[in-house]
Amino acid sequence: MGKLITFEGIEGCGKTTQIKLLGDYLRKKGYTIYETREPGGTLIGDQIRRILLNPENKGINYITELLLYEACRAQLVKELSVRSEELGVKDKEIILCDRFTDSTLAYQGYGRGIDKGVIKELNKIASGGAKPVLTILLDLDVKTGLGRAIGRNINSQKSEVRSQESAESRFEEEALEFHLKVREGFLKIASEEPERIKIVDANKGIEDIHKEIVKIVENYVI
Ligand SMILES: Nc1ncnc2c1ncn2[C@@H]1O[C@H](COP(=O)(O)OP(=O)(O)O)[C@@H](O)[C@H]1O
Ligand SMILES: [Mg+2]
């Protein structure tokens with residue numbers, strides 16, 4: 001599998017926006033870029049994604065939810081590695097993934113309160129040893145993030161991307177308290193792995209954040 005760079009952070013912090021910008025930048029530099037996301041990224045994973053993000057599934061058991069995320073991940077990692085082998089461009093390939101194992105630890109561990117040791121173990125099994133070389137944590141206060149996400153979803157209701165992005169509404173409807181725990185969780189996870197996880201202030205403008213991310217990527221990965 002190529003080099004894996006993951007983007008993490010609460011809803012609305014700018015992950016999707018920044019992945020697109022970084023992907024375009026790296027493609028121009030001659031890298032083979034593959035953009036993907038969790039949950040989803042595969043045919044099977046996208047079906048699981050629909051279950052996970054459907055607001056009708058509020059009653060989902062937390063363990064069911066955790067296992068569905070891990071199931072999704074196992075499928076994604078397997079397909080990514082098969083894909084890289086087939087392409088034969090391992091060394092020049094960079095995979096940009098919108099959320100990965102740290103999201104499971106932040107949401108299901110710090111947010112839901114499921115045992116973190118269990119989650120780490122499941123993360124390991126599902127990712128089959130694939131580890132990000134770099135993780136960008138876009139840190140933003142919860143109210144700003146949710147405000148952005150809601151704004152995005154209202155706008156996208158008018159367009160074709162609606163079904164994709166508004167699907168995230170199950171998480172937007174969670175209590176503020178939950179999102180606060182998730183943000184704190186992400187920061188704690190980052191403090192435990194400062195070499196891999198770089199915190200970027202997501203309050204700045206889109207272009208400034210992009211430039212900062214490019215600097216990090218150039219220093220640490222390329
Ligand atoms: N730095 C920023 N400042 C202001 N608005 C932003 C910024 N980054 C992204 N946005 C906007 O906020 C919304 C959520 O961004 P998005 O990239 O979808 O976040 P995420 O994928 O992390 O949920 C989008 O409408 C996007 O255009
Ligand atoms: Mg997104």
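Below, the figures for the structure above:
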| read-out | value |
| --- | --- |
| Region 121-129 - phi-based ³J(HN,Hα) in whole Hz, Karplus 6.51/-1.76/1.60, Gly and Pro as x | 5, 5, 4, 5, 4, 5, 8, x, x |
| Overall form of region 104-144 per C-alpha gyration tensor (a/c, 1.5; a/b vs b/c) | oblate |
| Computed [θ] at 222 nm, helices only, for the chain once each DSSP H run of length n ≥ 4 contributes -39500 (n - 2.57) | -17000 deg cm²/dmol |
| Protein accessible area in region 81-161, 1.4 Å probe - carbon and sulfur % | 55 percent |
| Antiparallel content of DSSP bridges confined to the chain, in %, to 5 | 0 percent |
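The values are calculated or read from the model by the stated rules, or taken from the named source; none is laboratory data. All figures in this text were calculated on a predicted structure; none of them were measured in a lab. Note: areas computed on protein heavy atoms with side chains; ligands, DNA, RNA excluded. Shrake-Rupley method; radii C 1.70, N 1.55, O 1.52, S 1.80 Å.
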